[in-house]
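Here is the structure we will look at.
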Amino acid sequence: MKLSLAYEMQRPVVDDHAVIEETIEQCVLADEMGFDYVWFVEHHFLTGFSMSPCPEVIYDALSQRTKNIRLGFGVVILPYHHPIRVAERVAMVDHLTKGRVDLGTGRSAPYEQTGMGIDPRETREMWEESLSMIPNIWQDGLFSWEGKYWNVPPRDVRPKPYQQPHPPLWVAALQPATYQLAAQKGIGVMALSVTAPSVLAPHIKEYKQNVKDANPVGKAINDQWLSSTVAYCDTDNKAAQDLAAQSLKTFFGPDRPYLKDQVNVYERLIESWGGVPDHLKANFARYIKDDESNEAGVDLSGGSGQIAQAVWNQFDAETLAERGVIVAGDPEHFLQAVRVHESHGVDQLQFLMATWC
């Protein structure tokens, strides 16, 4: 299993120059330490949370200061960009790195889409059309296209990628429907939701089986599954787990603008973390219900999500670490959690470490 780092380029105090300089230094160190990948997001308008609007610019710098680590676009928001420009920029960075680039793709969320003047209802079709175009743009000869969102007369687009047939393709995926779509199109899954590996295990198994029958959108199948997690290692096991849990909860805090348009976000987070721990159910005894199988569960639906948020706030670090939701602790416990992900078929484990909490 490969290990990678993810960068939102966070900083509690807005200091554009400092976060750029410090991020580059960390990525150079990651290359020296033997990490396999580094991934940069594309975000806009998220002041304080993310300062990464143009990963290709960072990668231009890193291409000259790193030797082995792969540089992943994690992800390019395809509805924001003309597919020709995406293909050109990724191919250029691929040459600068001598073939160390992966292209992750995605659609973002309404908060950012509407800021860009994009109708969120159009983004699924825009993503699919752009994704279909890019591998063909990278092939030799003239490229032309007549579609719903883009029309291109016959043109020779340069440069072509350094890698053959082209950089591996991925999609950011937060739900089973996208996992299934990735398998159909023969592209890698970037499961970026910070989920317990036991919850993802059946989806990984299904993806691995279905991707064998892919109708690939590119010239090669990328059958890899990437899972994302918050990670921190230190000599003090409890302190490391507590800090990682705090970072995770800050990451999904109620003040995050990208969460404000999502319904039942904390109910869904609790489910993705493996459900309400047994030791917390007593705290919410009056909300206990029996489902059709007569198994007791916590009814998180009342009070405009206040019950779910209360459970979420009380979710303890030790449970999150034991379930592999976070990979944290002293070296022994850290590696134990890494192996849990590996045992469930994860090909690449992505650590989000550069956060503030």
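Helix 237-251 and the longest principal axis of the C-alpha atoms of the chain enclose an angle of approximately 60°. In the context of the full protein assembly, K208 retains an accessible surface of approximately 60 Å², using a probe radius of 1.4 Å and ignoring ligands and nucleic acids. In the chain, a dipole from Cβ-located charges (positive for Lys and Arg, negative for Asp and Glu) runs towards its positive end, and of V152, Q180, L320 it is V152 whose Cα lies farthest in that direction.
Sum up the charges of everything whose Cβ sits under 13 Å from the Cβ of D236, counting Lys and Arg as +1 and Asp and Glu as -1, but leave D236 out. Numbers along the way, then the final one.
Numbers: positive: K238; negative: D234, D242, D330, E332.
That sum, taken over residues with Cβ under 13 Å, equals -3.
Probing with 1.4 Å while keeping every protein chain in the model, the per residue accessible area of segment 2-353 equals 46 Å². Ignoring aspartates and glutamates fewer than eight residues from K212 along the same chain, the ones with Cα atoms less than 13 angstrom from its Cα are D223. The angle between the Cα long axis of helix 55-65 and the longest principal axis of the Cα atoms of the chain comes to about 80 degrees, rounded to the nearest 10.
Diagonalise the Cα gyration tensor of segment 120-265 and give the resulting equivalent ellipsoid semi-axes, square root of 5 times each eigenvalue, largest first, whole Å. The answer is 35, 19, 16 Å, longest axis first. Got a sec? Charge dipole of the chain, +1 on Cβ for Lys and Arg, -1 for Asp and Glu; which of F35, G329, G48 is way out at the positive end? Result: F35. With all protein chains in place and a 1.4 Å probe, the accessible surface of the chain carries 50 percent carbon and sulfur. Within the chain, the proportion of C-alpha pairs whose separation exceeds 34 Å stands at 26%.
Only one residue of F73, H203, L96 has its Cα farthest out toward the positive end of the dipole of the chain, where Lys and Arg carry +1 and Asp and Glu -1 on Cβ, and that residue is L96. Taken as Cα centroids, segment 175-242 and segment 97-141 sit 19 Å apart, rounded to the nearest whole angstrom.
Rounded to the nearest 20, the Cβ-based charge dipole of the chain about its Cα centre (Lys and Arg +1, Asp and Glu -1) stands at 840 debye.
Please list, by residue number, every one of the chymotrypsin sites (Phe, Trp or Tyr not before Pro) in segment 34-105 that is coil in DSSP and has at most 16 other beta-carbon atoms within 10 Å.
Numbers: sites: F35, Y37, W39, F40, F45, F49, Y59, F73, Y80; in loops: F35, F45, F49.
Passing both the DSSP loop test and the Cβ count: F45.
Accessible-area rank, largest first, for K160, K219, K212: K212, K219, K160, with all protein chains present and a 1.4 angstrom probe.
At 20 °C and a viscosity of 1.002 mPa s, what translational diffusion coefficient does Stokes-Einstein give for segment 121-186, taking Rh as the Kirkwood radius over Cα pairs? Give it in µm²/s as a whole number. Rounded to a whole number, D works out at 159 µm²/s.
The values are calculated or read from the model by the stated rules, or taken from the named source; none is laboratory data. Since the structure is predicted, the reported quantities are computational estimates derived from the model, not experimental observations. Positions of Cβ are backbone-derived with ideal geometry, glycine not excepted, and every protein chain shown enters the neighbour counts. Each accessible area value is taken on the protein alone, full model and side chains, heavy atoms only, with ligands, DNA and RNA left out. Shrake-Rupley method; radii C 1.70, N 1.55, O 1.52, S 1.80 Å.
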